[in-house]
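Colleague: First, the structure itself, so that you have it in front of you.
The values are calculated or read from the model by the stated rules, or taken from the named source; none is laboratory data. All of these numbers come straight from a predicted model, not from anything done at the bench. Reconstructed Cβ throughout: ideal geometry from the backbone, glycine too, with neighbour counts over all protein chains shown. Calculation scope for accessible area: heavy atoms of the full protein, side chains included, ligands and nucleic acids excluded. Shrake-Rupley method; radii C 1.70, N 1.55, O 1.52, S 1.80 Å.
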Amino acid sequence: TPGVFTGADKSSYLTNFTSADPDYIVQATDSGALKLARRPSHYHCVCGEASCGEHGAPVGFTELTALGGTLQGGSYYLSGAVTATSNITISGTVNLCLNGQELNLNENRITINSGGSLTLCDCSAQGDGKITGGSSTNGGAVKVEGSFTMYSGAISGNGSTGDVGGGVYILSLI
């Protein structure tokens, strides 16, 4: 039966607790309490490994079937090929798992705003997930004004109409 751990912020102890039932996981709530919840169908570390121990506890990912406009903070995965309908802006902290699928930018690009963060991975055994089809001035696929971490997957088949950054254009190094 799911339960809730109460008291002071316990989220730092998240990795100390596990569920004996494989259908449940221990999660931290917004207030820092720990609770037992049903395991999401797409669940792994942000690097794409099942549970690497280096990047915090595994997280649940939400299915993403369409993309365009602003992508708010959260963890998302592709369950099939997705074609962007417009430029994509990353707002907040976003984890994106390609899951062996293709994200066709359709001559659009992803912009990671200042203060925004995108972590890209591909959890598939084949590792053939990719971002392709991007085209823009300076940063054909990804323009980085914030933070970008890429653990796996590919960024290929993109172009820039400017002088730099057909795949990834980093605006400034911090």
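Colleague: Just checking, which of Gly127, Gly69 is on the phi > 0 side of the Ramachandran plot and not in a loop (DSSP other than H, G, I, E, B)?
Modeller: Gly69
Colleague: For residues in the stretch 28-43 being within 26 Å of Ala125 (Cα to Cα) and either of a type in the set (Ser, Thr, Tyr) or crowded, with 17+ Cβ neighbours inside 10 Å (or both), which is modelled with the highest pLDDT?
Modeller: Filtering first and then ranking leaves His42.
Colleague: Could you give every pair whose Cβ atoms fall below 7 Å, whose first residue belongs to the stretch 145-161 and is of a type in the set (D, E, K, R), and whose second residue is part of a strand (DSSP E or B), counting only separations of at least 6 or pairs across chains?
Modeller: Glu145/Thr111; Glu145/Ile112
Colleague: Still on this structure, please answer the following. So, in the stretch 114-131, exactly how many residues are of a type outside the set (Val, Ile, Thr) and crowded, with 16+ Cβ neighbours inside 10 Å?
Modeller: Final tally of qualifying residues: 10.
Colleague: Is at least one residue of the stretch 44-62 among the aromatic types (Phe, Trp, Tyr), under 13 Å from the mean Cα position of the chain (by Cα) and surrounded by fewer than 20 Cβ atoms within 10 Å (Cβ to Cβ)?
Modeller: Within the stretch 44-62, not a single residue is among the aromatic types (Phe, Trp, Tyr), under 13 Å from the mean Cα position of the chain (by Cα) and surrounded by fewer than 20 Cβ atoms within 10 Å (Cβ to Cβ).
To keep it simple, each residue is scored yes or no on (1) out of contact with any Ser or Thr (no Cβ under 6 Å at 6 or more places or on another chain); (2) within 21 Å of Val82 (Cα to Cα); (3) surrounded by fewer than 16 Cβ atoms within 10 Å (Cβ to Cβ).
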| site | (1), (2), (3) |
| --- | --- |
| Gly133 | yes, yes, no |
| Val142 | yes, yes, no |
| Gly159 | no, yes, yes |
| Asp163 | yes, no, yes |
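Colleague: Looking at Ala81 and the list (1) surrounded by fewer than 17 Cβ atoms within 10 Å (Cβ to Cβ); (2) modelled with pLDDT under 95; (3) among the hydrophobic types (A, V, I, L, M, F, W, C), which single condition is not satisfied?
Modeller: (2)
Colleague: What about Leu67, is it at pLDDT 95 or above, open to solvent by less than 40 Å² (accessible area, probe 1.4 Å) and closer than 26 Å to Tyr169 by Cα?
Modeller: no
Colleague: Is it fair to say Gly100 is in a loop (DSSP other than H, G, I, E, B) and surrounded by fewer than 15 Cβ atoms within 10 Å (Cβ to Cβ)?
Modeller: When the stated conditions are applied, Gly100 does not pass them.
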